[in-house]
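Remarks on the structure that follows.
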């Protein structure tokens with residue numbers, strides 16, 4: 001069964017630049033909510049309170065998301081060693097799996113390039129001002145036989161953004177549950 005963050009099939013058509021760029025901006029802002037929620041979770045694990053400035057900054061020190069998640073995992077393991085809960089630890093593992101899965105789509109959006117969709121989507125008519133996001137041409141690993149690994153219209157990017165928001169809310173509920181459970 002495919003994961004929800006697997007790359008979607010190529011769209012049938014692109015969008016106006018404005019529509020595409022709006023979807024990109026919304027998705028990237030939603031991802032920043034994921035990162036902020038993880039900083040609060042990190043702080044909750046470390047201090048029992050989500051808004052400890054030093055702990056929030058410590059979460060953000062690694063420049064790479066995967067490294068930040070690794071640090072969060074270490075802090076979470078320490079926390080659950082002291083405060084065992086199979087249910088909460090299981091939810092934490094699911095949240096990390098989802099975050100790492102969706103981070104690939106975040107990267108596709110953030111590091112992609114907007115190009116006329118008629119260059120890539122065969123059914124598109126040249127001359128129409130429609131656009132889509134594809135990987136940059138200098139990233140050979142993101143292409144197979146001259147075809148991009150992904151092509152995204154605003155529809156796919158909006159779906160990613162919605163998933164990012166859902167994940168941020170899930171993390172928020174989780175750190176509030178940890179905070180309340182820990183303090184009880």
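Taken together, the values in this text are just the output of simple stated rules run on the coordinates, not laboratory data. Remember, predicted model here, so these are calculated numbers, not experimental data. In this analysis, Cβ positions are derived from the backbone assuming ideal geometry, glycine residues included, and neighbour counts consider all displayed protein chains.
Annotations for the structure displayed:
- Where labels lie 7 Å past Cα in the beta-carbon direction, separation of residue 6 and residue 74 in nm: 3.4
- Between 168, 30, 110, the Gaussian network model of the chain with springs among Cα atoms under 10 angstrom shows the greatest mean-square fluctuation at 110.
- Volume of the convex hull of region 60-157 (Cα atoms only), normalised per residue: 136 Å³.
- One Cα centroid belongs to region 85-115, the other to region 21-58; the line between them spans 13 Å.
- The angle between the Cα long axis of helix 65-82 and the main principal axis of the chain comes to about 20°, on a 0 to 90 degree scale.
- Helix 17-47 and the long axis of the chain differ in direction by around 10°, with both axes built from C-alpha atoms.
- Mean separation of Cα pairs under 8 Å and 6 or more residues apart, divided by the residue count, gives region 17-99 a relative contact order of 19 percent.
- Entry for volume of the Cα convex hull per residue in Å³ (calculated from the structure that is shown) out of [x] 136; [y] 107; [z] 122: [z]
- For the chain, calculated [θ]222 nm from helices alone, where every DSSP H run of n ≥ 4 adds -39500 (n - 2.57): -21500 deg cm²/dmol
- Length-normalised contact order of the chain in % [C-alpha pairs under 8 Å, at least 6 apart]: 39
- Once the C-beta distance of residue 177 and residue 64 is scaled by a Förster radius of 41 Å, the resulting FRET efficiency is 0.90 to the nearest 0.05.
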